[in-house]
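To keep things clear, I will list the structure first and then write my remarks on it.
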Amino acid sequence: MKNPDAIVIGAGVVGACCALSLTNAGLKVLIIDRGPVASGTTGAGEGNILVSDKGPGAELTLAIRSRDLWFDINTDIGGGFELEAKGGVVVSRSAKGISDLKKLSALQKENGVEVIELDGAGLRKIEPYLSESVEYGVLYPGDAQCQPMLAAAQIIRAVKKRGGSFIQGENVIAINSNAGSLIGITTDKNNYSCPIVINATGTWAGEIAKLAGSHLPIMPRRGFILVTAPAPKIVHHKVYDADYVANVASSDADLQSSAVVEGTASGTILIGASRERVGFKADLDISILRQLARQAISLFPVLSSIGLLRAYRGFRPYAPDHLPVIGEDANISGLWHAAGHEGAGIGLSPATGELITAQITNQSTFIDPTPFSPKRFQGSEYVAV
Amino acid sequence: MHNVVIVGGGPAGLSAALTAAVAGAPVLLLDSNPRLGGQYWRTPADNFGDQNENHFDLATGLKLINSVKAQSNIQVLSGAQIWSASHKDGVSTLRVIYQGSEKIINTGNLILATGAYDRSLPFPGWDIPGVMTPGGVQSLIKGHGVVAGKRVVVAGSGPFLLPVAAGLVKSGADVVELLEANKSWRWASSILVLLENLSKIKEGFYYIEAISKGKVRARFGQAVVGAYAGENGELESVDIAKIDRNFKIKKVRNIKCDVAAIGWGFTADTSLAGALGCKQVVAKDESVVVLIDSKQQTSITGVFAAGEITGIGGSELSMIEGEIAGKSAAKFVGCAVDISRSDLIIRAKKQRFAAALIKAYPIKSGWRSWLDEQTVLCRCEEVDLADLKDSIVELGATDSRTAKLLTRCGMGLCQGRICGRFVVDLVADQLNISPTDIDRIAAVSRPIITPIPLGVLAAGE
Amino acid sequence: MSQFDIQFTFNGETISAISGQSVGAALLAAKQRTLRKTRFNQKGRGVFCGIGVCFDCLVVIDGASNQRACITEVISGMKVQTQVGTNA
């Protein structure tokens, strides 16, 4: 494509949503990725679209808006990515956990999230196989799920149908600017002139930012997911332990894990979630798989006889202040970043796209974008580890 | 306790076990089947009586199995399934499901002999009950005393079809067609190799005698290209085509049958080798095999491999490779034993024969023209050709891995054992490129080797 | 020929088998070839590879689904059922 209006680097779910948003706003968009669609973290994602796991603040506001936008996108592009308004159930079994969950859900309710408190009997009405040891939980009807690789692929297909293009197999090696204004990028195969570039490279966003002399301290936070053999319908919602929220918010590099269990349209059951900062260590850590299995069985004892079929790992793009980076580069105007969504990338992509597009096209934004600005890292002590 | 751990109780594993044990190294032999012998010497439970009738050289197998059982320094664990394995700092860790719970085995000295299974190619109707592999039909006869049906078509390519047809005839089935896709004159190019392996000629005549008694006529240059179900949804008839040398259809006829045993050679199961990190390469028949040196050692010191996983080559090659691997492994732990010149000569002879087989029975790309849009490719996840094409044309997949993520092809219970190999070809076809070695090797990557119940996983250390 | 010394049921119907046989073999001998219905298209499937590799011969045995009939040995009194999708 000659002379695109905007280039999006990264064909994961965030890049795809940015491209769609810009395309729908009338821009001619070129997506570039060094690999195929969903070859980064999106390809290892579970498909979470959650409002339940965020306390009040900018991220929750973004999540609520984004969740609704997913359903708009579904209608807009004609589906094809298993989007389901499945609902989430958060449970706790400790006195402190229950008390914290009550407080959190009350705050979330004040901020526009629908919450329904349930006791043991109420829980087992909607989740008959949930362990008898669980006596308190909260249902979040707003939580949803999709198939993330299909989502990225279907969105990019729509972008192409509407005049955009997708080039894969090109590595960006330079970001070119003139007097603080973006003029284009250079890949290992081509040179592109373009006034607007979006860095949607997730866990590798720091490397791309560096090409522009900018500092984005985004680091990999490894996670494993267990996939079972196709099983009878055992889990009806996404069900997770309230510890999950604390783990996401933790800055600890050591292993954090808590039970997250959900069924999929294809019949397999997905089990997470683990978080650790070990760089890009690729090996399969069996002890973590065992822990995830234990946690899942603790919530759903019948899972004991279900077979583990495969396991995969992904590297969540983690920013040290736990907020995604969405906004214009500190030094180069025309260069935008949309990355660092940690484990909420899928859920937050549509609103990310909307927010970026609104700023680029000088429209009003539905939320004050300041908390997400990459400028917050300028001259900061945060160092990419 | 034991110095050598061997995985696989077929010709290669048994030979390795006996050789290593006789050389003085105590052996632990793990096998996933209930009885030793692998696929090749599949035997039924004791109460089935004398099985010599159904097998050309079962006597060799029984002798080896009994020797292994009698050898005091060989411990056998049957019904042991390895679900995961890793190698670090000279130690291989095998995580085994045995009698319902997990057993961890750590060893510095390992021989992999995990064998192979029938290679399948898709065609319209291949998923109808009644369509099976030759190995499946043979296993039913040899291992369970059951003939899969009355009117049987045996088809595909390769010398394995002969003993399967013979076994069916001996068991009273009517083998209505025996079809070899390649032309009969292909053997002429390897006549010298054939002569050097006289036992093979004897074996061939044994089977030919058996099938001629059943009045079966072998036809060359023909293949099953379609299968049809009756009202009960089960196999009723097949389309048989005269094919050209590229396997493209020239003329089709339909015949009634209730079983079709169709196979196209073998695929090695290198899942365990791959999980440990042994280097794998693509062989001349495009199968993925484990790279070994002249001592049968893999790219990992102390990990040896023997049999079909080093290259499809039949039972006699498997046995000599097993013997050599057994000696190498025994020597590795300090036993005074050496590979002899005659070992090397025999192995070279058997390797030449194996290479000649591959040359005589190539699988040509024309099989892809037999498919229609609704032909199931991934049986486990019911992904058809239209779905696969869609993932490439519409959703932009440019390699097998992405096509897999978008369609679920290869993500089901068998983890791509049946479809993985030919999906690589179909994806490359669609993209007008040649499949890369990386694609082929990625298609056989299975860090979780077999499903493990979550409860067993949770209970392990 | 060996004795039919094992009895089990398939969808309630009594099937005779010889000890040492697999469920799949015994069912094939009794002319029962369709063992399951697939979960997306409800297509019938039976024994395909016969050696435990393809996972097509899945049946429900005593309530447990995803059991490979071809490698599961018959036991007297086993309750085998057609697997429809992911369970009986």
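The values are calculated or read from the model by the stated rules, or taken from the named source; none is laboratory data. This structure is a prediction, so every number in the text was calculated from the model and none was measured. Quick reminder, even Gly has a Cβ in these numbers, built from the backbone with ideal geometry, and neighbours come from all protein chains shown. Just so you know, the surface numbers come from the protein's heavy atoms only, side chains and all, with ligands and any DNA or RNA stripped out. Shrake-Rupley method; radii C 1.70, N 1.55, O 1.52, S 1.80 Å.
Values as computed for the structure displayed
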{"quantity": "Probe 1.4 Å, protein heavy atoms only - accessible area per residue of the range B:243-323 in square angstrom", "calculated": "37"}
{"quantity": "Shape parameters for chain A, alpha-carbon atoms, Rg then Dmax in Å", "calculated": "20.4, 65"}
{"quantity": "Directionally averaged shadow of the range A:124-204, computed from the convex hull of its alpha-carbon atoms, nm²", "calculated": "10.3"}
{"quantity": "Cα long-axis angle, helix B:58-70 against chain B (0 to 90 degrees, to the nearest 10)", "calculated": "30"}
{"quantity": "Antiparallel %, DSSP beta bridges [both residues in the range C:6-84], to 5", "calculated": "80"}
{"quantity": "Chain A, helix-only ellipticity at 222 nm - DSSP H runs n ≥ 4, -39,500 (n - 2.57), divided by all residues, nearest 500", "calculated": "-9000 deg cm²/dmol"}
{"quantity": "Share of carbon and sulfur in the accessible heavy-atom surface of the range B:224-351 [1.4 Å probe, %]", "calculated": "51"}
{"quantity": "With all protein chains modelled, accessible area of B:E209 [1.4 Å, Å²]", "calculated": "100"}
{"quantity": "Binned Cα-Cα distances of the range B:371-443, short to long, each 5 Å bin given as a whole percent", "calculated": "3, 20, 32, 29, 14, 2"}
{"quantity": "Inter-part distance where the range A:126-156 and the range A:165-181 are each reduced to a Cα centre, Å", "calculated": "38"}
{"quantity": "For chain C, calculated [θ]222 nm from helices alone, where every DSSP H run of n ≥ 4 adds -39500 (n - 2.57)", "calculated": "-2000 deg cm²/dmol"}
{"quantity": "Taking all pairs of distinct alpha-carbon atoms in the range B:120-264, Kirkwood radius in angstrom", "calculated": "15.5"}
{"quantity": "Average silhouette area of the range B:324-461, convex hull of alpha-carbon atoms, in square nanometres", "calculated": "13.3"}
{"quantity": "D (Stokes-Einstein, µm²/s), Kirkwood Cα radius, the range C:6-84, 0.692 mPa s at 37 °C", "calculated": "272"}
{"quantity": "q = 0.12 Å⁻¹, the range B:269-369: log10 I(q)/I(0) [Debye, one scatterer per Cα]", "calculated": "-0.42"}
{"quantity": "Chains C and B, summed buried accessible surface - 1.4 Å probe, Å², nearest 100", "calculated": "3100"}
{"quantity": "Distance from the range B:250-272 to the range B:386-428 (C-alpha centre basis), Å", "calculated": "21"}
{"quantity": "Apportionment of accessible area to carbon and sulfur, the range B:371-443, percent (1.4 Å)", "calculated": "49"}
{"quantity": "Antiparallel DSSP beta bridges within the protein assembly as shown, as percent of all bridges there, nearest 5", "calculated": "65"}
{"quantity": "Angle between chain B longest axis and helix B:341-360 axis [Cα atoms, degrees, rounded to 10]", "calculated": "10"}
{"quantity": "Chains A and B together, accessible area buried on both sides, 1.4 angstrom probe, square angstrom", "calculated": "2700"}
{"quantity": "Placed amide H near A:R34: partners under 5 Å, 5+ positions off or other chain", "calculated": "A:G169, A:E170"}
{"quantity": "Share of carbon and sulfur in the accessible heavy-atom surface of the range A:135-221 [1.4 Å probe, %]", "calculated": "52"}
{"quantity": "Sequence-separation-based contact order of chain C, relative, with Cα cut under 8 Å and 6+ spacing, percent", "calculated": "34"}
{"quantity": "Order by protection proxy (mean Cβ within 10 Å, highest first), peptides A:30-43, B:371-384", "calculated": "A:30-43, B:371-384"}
{"quantity": "Top of A:R310, A:R124, A:R67 by mean-square fluctuation, Gaussian network on chain A, Cα under 10 Å", "calculated": "A:R310"}
{"quantity": "Relative contact order for the range B:120-264, counting Cα pairs under 8 Å that sit 6 or more residues apart, in percent", "calculated": "35"}
{"quantity": "Delta accessible area of at least 20 Å² on complex formation, residues of the range B:388-406, 1.4 Å probe, chain isolated as reference", "calculated": "B:E394, B:L395, B:G396, B:T398, B:R401, B:T402, B:L405, B:L406"}
{"quantity": "Heavy-atom accessible area order for A:S305, A:S99, largest first, 1.4 Å probe", "calculated": "A:S305, A:S99"}
{"quantity": "Surface per residue (accessible, 1.4 Å probe) for the range C:6-84, Å²", "calculated": "35"}
{"quantity": "For the pair C and A, total buried accessible area rounded to nearest 100 Å², probe 1.4 Å", "calculated": "400"}
{"quantity": "Where Rh is the Kirkwood radius over Cα pairs, Rg/Rh for chain B", "calculated": "0.96"}
{"quantity": "On Cα atoms only, tilt of B:11-22 relative to the major axis of chain B in degrees", "calculated": "10"}
{"quantity": "Nonlocal amide H pairs with B:I452, under 5 Å, H built at 1.01 Å", "calculated": "A:L308"}
{"quantity": "All-pairs Cα distance distribution in the range B:335-412, expressed in whole percent, bin size 5 Å", "calculated": "3, 13, 13, 13, 11, 7, 8, 8, 8, 8, 5, 2, 0"}
{"quantity": "Normalised contact order of chain A, rounded percent, pairs of Cα under 8 Å and 6 or more residues apart", "calculated": "24"}
{"quantity": "Protection-proxy order for peptides B:332-338, C:43-49, each taking the mean of Cβ atoms within 10 Å per residue, highest first", "calculated": "C:43-49, B:332-338"}
{"quantity": "Under Karplus coefficients 6.51, -1.76 and 1.60, residue-wise ³J(HN,Hα) of the range A:101-114 in Hz, glycine/proline x", "calculated": "5, 4, 5, 4, 5, 5, 5, 4, 4, 4, 9, x, 9, 7"}
{"quantity": "Volume in Å³ per residue [convex hull over Cα atoms, computed for the range A:183-229]", "calculated": "124"}
{"quantity": "Semi-axes of the equivalent ellipsoid for the protein assembly as shown, Cα gyration tensor, largest first, Å", "calculated": "52, 30, 28"}
{"quantity": "Highest average packing first - A:55-61, A:207-213, Cβ atoms within 10 Å", "calculated": "A:207-213, A:55-61"}
